[in-house]
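Working notes, beginning with the structure itself.
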Amino acid sequence: MKAWRKRMTYGLAVAAAAVAIPLTAGSASAASWYDIAGGPEMYPNMAACQADIPMAKQHYLDATCVDNNGRISLWVLY
């Protein structure tokens, strides 16, 4: 009888984790990153892009600068 109780307890724990993990991961992945500004005319170097991050964070959830083959872009998280 004890063995069945343990198996049921473990089974319920695994089932609860199987449901909880996708739900918590799904909410984080619902947001999307977008390239809103960039190019050599706008950001000649990484420091110029990073100077705009505080202003971008006032309007968006998060912001970061990305260097893609010398083209520096400001990406924001909606």
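Overview of values
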read-out: Residue 59-residue 78 pseudo-label distance in nm [points 7 Å out on the Cα-to-Cβ vector]; value: 1.4 nm
read-out: Projected label distance in nm at residue 67 and residue 37, using a 7 Å step from Cα toward the beta-carbon; value: 2.0 nm
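No lab work stands behind these numbers, since they all come straight from the coordinates. Fair warning: this is a prediction, and the values are worked out from it, not measured in the lab. Backbone-built Cβ (ideal geometry, glycine too); neighbour counts: all protein chains shown.
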